[in-house]
Amino acid sequence: MSLSLKLRSFLRNLFFSHRVDADLEYEVHSHHNLLIEENIRAGMSPEEAQRAARMELGGIEQVKEEVRDSRMGNWLHSAFFDFRYGVRQLRKNPGFTAVAVLTLALGIGATTAIFSVVDAVILRPLPYRSPDRLVLVKERIPKVTPDPIPVCAPDVLHFQHENHSFISLAAFRGDQFDLAGGTEPRRVHVNRTNANLFSLLGAQPILGRVFTPDEDQPTVAILSYGLWQHEFAGAPGIVGRSVSLNRQIYTVIGVLPATFIFPLPGMDQGDAADLFIPIAFTPEELADEGDNFNYSLVGRLTPGVALAPANADLQLIAHRIQETYPPEYRSHVILGAVALPLRDTVIGKSRTLLLLLFGAVAFVFLICCINVANLLLTRSTDRQKEMAVRLSLGASRGRLLRQLAAESMLLTFIGAALGLAFASWSINALLGLMPPDIPLIHGVGLNPAVLGFTLGLAVIVGLLFGIVPAFASSRTNVADSLKEGGRGTTQSPQLHRLRGALVVVEVTLAMVLLVGAGLLLRSFQRILETQPGFHPEQVLTASLSLREPHYKEDSDIQNFYERLLQRLQNLPGVPIAGASSDLPLQAGWNHLFTPEGYQPPPGASTNLCNHSVILGPYLQAIGAPLLRGRYFTDQDNSSSTHVLIVSDSLARRYWPNQDPIGKRLKWGPEASKDPWLTVVGVVGDVKQSSLDVETSPHTYESFWQNTTPSLNVALRTSNDPASMASALRSSVWSIDPQLAVAQIQSMDQVISKSTTPRRFSLFLLAGFASLALILSAIGIYGVIAYSVVRRVHEMGIRIALGAQRRDVMRLVISQGMLLLVLGMVIGTLGALAMTRALGSFLYGVRPTDPVTFVAVVVILAGVAFLACYIPARRATRVDPMIALRYE
Amino acid sequence: MNPEPTSLLQGTLDLLILKSLATGEMHGLGISRRIQQITQGTFVVKPGSLFPALHRMQDEGWISSFWGDSENNRRAKYYRLTKPGRKQLEVETERWGRISWAIARALQMP
């Protein structure tokens, strides 16, 4: 048949189906009449003739159906009818439809939301050109730390000039500068970079240009899209304008596109840069051999060079660098170097968390599917009679299957559409909760990839839902179904078992989720119970950074802070004001030190401690208790003995059972020429990097003996700390109106920020577990309630024969509890196997924590009991007379 | 119901319908009786198979239909061969000849 003919008949059948139908009807009728006439001519009576004709014809509707089936366009046509019929069926059962659609929407929505994060963070390539050839080059000093560390400045040049494995290597270093010129000075993230960074990453400016290789003077700047928009209102004439950074004038030479976000978390250089300036190493930086490992190096591997030879190449260079170190240093520091795939360093940490959450949401999704499948099974049992009637009226089984599949598809797609709305709402909520160390979240959203995922999910689920219950109902035995009179049908034992099995699976999944959430909850509880070692209530903090060239000499810096401290201490509502180079929970630097007369036990690790420079009564302001000796006083200045306050754990470790007051230590190794510092006080341990990390030894030095340009102010306030923010700002600006007052926050906020990642995983997992609990309760309820309805007759007989209500109740509840216990046994085994994946997310709780397991069993059993109890009570209320009258 | 015999039967039925229409236009019952007659009762075509076949063949373009009056002045739908239909009859006849020759040969083999 030619194509045009095919198309014509297709269209005819599709669009003129009414006319075609009427024509067919007329034709079959005329055929019928012709048959009757023929029969009469053959000598039959009119009645006989009609009967014979009908017999031969075999049913007008069947003939019409056969013709329809054989016609082109028929499939589409009947699919349309299937859907229309499906809509009617769903509207006829609004309760069923609402529950099924909402359950599906919940499952699909939650899964879509989490997938959108997984897609943006894990699945998509990094937003740079050919990102799979990009690596981060790091150095290693295994004796000091097992983890690779950033590179020191002179080594950057060695790696750049001596390697044979990279097309190019670009160094960069994150910093924070004060940007002035707007309404008030603002701290911005600046990245000092090599000129080749942009070509290496494939970034093209949308305005102006990037650095030229010989642009060594740090007087030009490239803006990020975000800063250009927010600080300069997207002014098109921005290129060529001047901006003031740390009171120095820079000329804007270009603007980068919105898609260029650099550096990402995991690259060691802090938050994404607001602007870029040339790295322009100073002579002092380049003289810092073997010290200040602060610079990151990103590289693009030469085509054809694999990671292993590149690593060997770098290692060789590191070895040559070490050879140039002075002999006493060489024995202490064994330098290595390594290239890490950029992608791994960026998403490595987040991958586990996100996969874990995706696994959890997949469980919830499965539970949703099971509930809907159970609903559909129930319904298909109820509809056996309808199916039987339709079969006996001549519908083919294939046709019925298709019909049922269409209904399930319809259900799933409505659920998916609603789910997308739910997802778009929850993605926003999710982004608000997201900890800052998850990279690339700007790509999270309902983009085509995510929509495709949802569509695929809906199609698969719709088909499965269509096939499984459809199979159950299309096996209907016509005669049996019709025979049983008005009351319909019995539930086949296989179907009953299937539903029971589904509930068991559901309980298993819920159990695993609940145990996971329980363990996280217990960890979080443990962390909140952890003593931070200070009193965070009513403390306001802010960060100040005095930079060259305005603050060149120590005296300039001392002058500023002296005046500031005076003003802050005179503020009403501020009993204590101090400042420190590091705030608690904001991880400071580790310093190598040598205690006087300390004999390290064999195999001891290097002596490292956190070190803070403090100004004024900082320790009193945060409420760190003095255990021995004294706090610093005004007499501890540049002309007096160099003194130190140490933490309790340092004193205990290095001078056990001795009085630490008067002991001495110095920076660097044994041979270092640094002066000895005398301990004058011991304070309690303050959590320095995070609540869930063991406190490391800590030392404090007076600002007047070691002047530091960047300090964090800490004010103990009599009222709400936030109310003092503007007083703090104006105090600073009354001394220096161009200085940015950054990160104004209460100490409580500092603590809460440090727990954001845990809060995020806990919140989500707890949410999923609660959903799982509720959904599986609904699932159990559904199955038990249905079986009670099915067995009303039996219950009636039992009660009539003298069964006590208690017996009936026990019968029903034990049926549900059997499923529950089975599910919990499997769930416990599953949880034991799977909670090991939680390992790094737990704190102070073992993955097999018996308290958690028992609590989960109790909660799950309680909720499930309730889910069985309600239908069981209904069963006991069965009036035997009414139940039996059904007969 | 079973697909295999149907497909064989379908080709056969098409051929028989084409053949009976070769002598002139006819309505459905006429075609059915004609087939019964020319196959000496071997094939009795029920409306359930006849009408789908007629409609399909019409979609294929082998036959065309029109409403006319029967010998007793009853309205009936008549079918007649189109040009492609005649062509198809030749093709099918030739094909059938080959098949039946081949089958006969096969069955005669010792």
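Bear in mind that the values in this text are calculations on the coordinates, not laboratory data. Note that the coordinates shown come from a computational prediction; the quantities given were computed from them, not determined experimentally. Virtual Cβ from ideal backbone geometry, glycine too; neighbours counted across all protein chains shown.
Key figures for this structure:
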read-out: Exposure proxy order (Cβ contacts within 10 Å, fewest to most) of B:HIS27, A:HIS29; value: A:HIS29, B:HIS27
read-out: Other-chain or far-sequence residues with amide H under 5 Å of A:ARG209's (modelled H); value: A:GLY254, A:VAL255
read-out: Surface/4 estimate of mean projected area, convex hull on alpha-carbon atoms of the protein assembly as shown, nm²; value: 63.9
read-out: Proxy reagent accessibility, fewest Cβ within 10 Å first, across A:LYS138, A:LYS753, B:LYS83; value: B:LYS83, A:LYS753, A:LYS138
read-out: Integer Hz, Karplus 6.51/-1.76/1.60 couplings in order for the stretch A:140-156, x for Gly and Pro; value: 9, 10, x, 5, 8, 8, x, 8, x, 10, x, 9, 8, 4, x, 5, 3
read-out: Descending semi-axes in Å of the stretch A:707-829, equivalent ellipsoid built from Cα gyration tensor; value: 67, 16, 11
read-out: Förster-model FRET efficiency, 35 Å R0, A:SER840 and A:GLU548, C-beta, rounded to 0.05; value: 0.25
read-out: Placed amide H near B:ILE63: partners under 5 Å, 5+ positions off or other chain; value: B:GLN58, B:THR82
read-out: Inter-site label distance for A:ALA280 and A:TRP733 at 7 Å from Cα along Cβ, in nm; value: 2.9
read-out: Other protein chain Cβ atoms within 10 Å, averaged over every residue that makes up B:52-63; value: 5
read-out: Residue-by-residue Karplus 3J(HN,Hα) for the stretch A:783-788, coefficients 6.51, -1.76, 1.60, Hz, glycine and proline x; value: 5, 5, 4, 5, 5, 5
read-out: Chain A, helix-only ellipticity at 222 nm - DSSP H runs n ≥ 4, -39,500 (n - 2.57), divided by all residues, nearest 500; value: -17500 deg cm²/dmol
read-out: Label-point gap, in nm, between A:LYS143 and B:SER100 - each point 7 angstrom along Cα→Cβ; value: 10.3
read-out: Long-range amide H partners of A:ILE576 with built H, under 5 Å; value: A:ARG716
read-out: Computed over the stretch A:558-665, Kirkwood Rh from alpha-carbon pairs, angstrom; value: 16.1
read-out: Other protein chain Cβ atoms within 10 Å, averaged over every residue that makes up A:60-67; value: 4
read-out: Values of log10 I(q)/I(0), in the order q = 0.10, 0.15, 0.18, 0.22 Å⁻¹, for the stretch B:3-108 under a Debye, Cα-only, solvent-free model; value: -0.29, -0.64, -0.90, -1.28
read-out: Neighbour-count order for A:ASP268, A:ASP155, fewest beta carbons within 10 angstrom listed first; value: A:ASP268, A:ASP155
read-out: Length gained when the stretch A:VAL854-A:ASN447 is fully extended (0.36 nm per residue, less Cα-Cα span); value: 142.3 nm
read-out: Extension reserve of the A:VAL389-A:THR530 stretch, reckoned as 0.36 nm per residue once the Cα distance is removed; value: 43.9 nm
read-out: Helical contribution to [θ] at 222 nm, DSSP H n ≥ 4, -39,500 (n - 2.57), averaged over chain B, rounded to 500; value: -21500 deg cm²/dmol
read-out: Pairwise FRET efficiency - A:VAL87 versus B:ARG75, Cβ, R0 = 41 Å, nearest 0.05; value: 0.60
read-out: Simple Cβ-charge dipole of the stretch A:740-804, Lys/Arg +1 and Asp/Glu -1, about Cα centre, in debye nearest 20; value: 120
read-out: Stretch in chain A that is longest and holds no chymotrypsin sites (Phe, Trp or Tyr not before Pro) that DSSP places in a loop and that have at most 12 other beta carbons within 10 Å; value: A:17-588
read-out: Under Karplus coefficients 6.51, -1.76 and 1.60, residue-wise ³J(HN,Hα) of the stretch A:161-171 in Hz, glycine/proline x; value: 8, 9, 7, 10, 10, 10, 4, 7, 10, 10, 8
read-out: Sum of side-chain charges, A:ASP720 neighbourhood, beta-carbon under 11 Å (Lys, Arg +1; Asp, Glu -1); value: -2
read-out: Average other protein chain Cβ within 10 Å of Cβ, residues B:44-51; value: 6
read-out: Distance in nm between pseudo-label sites at A:ALA421 and A:SER168 (7 Å out along the Cβ direction from Cα); value: 5.1
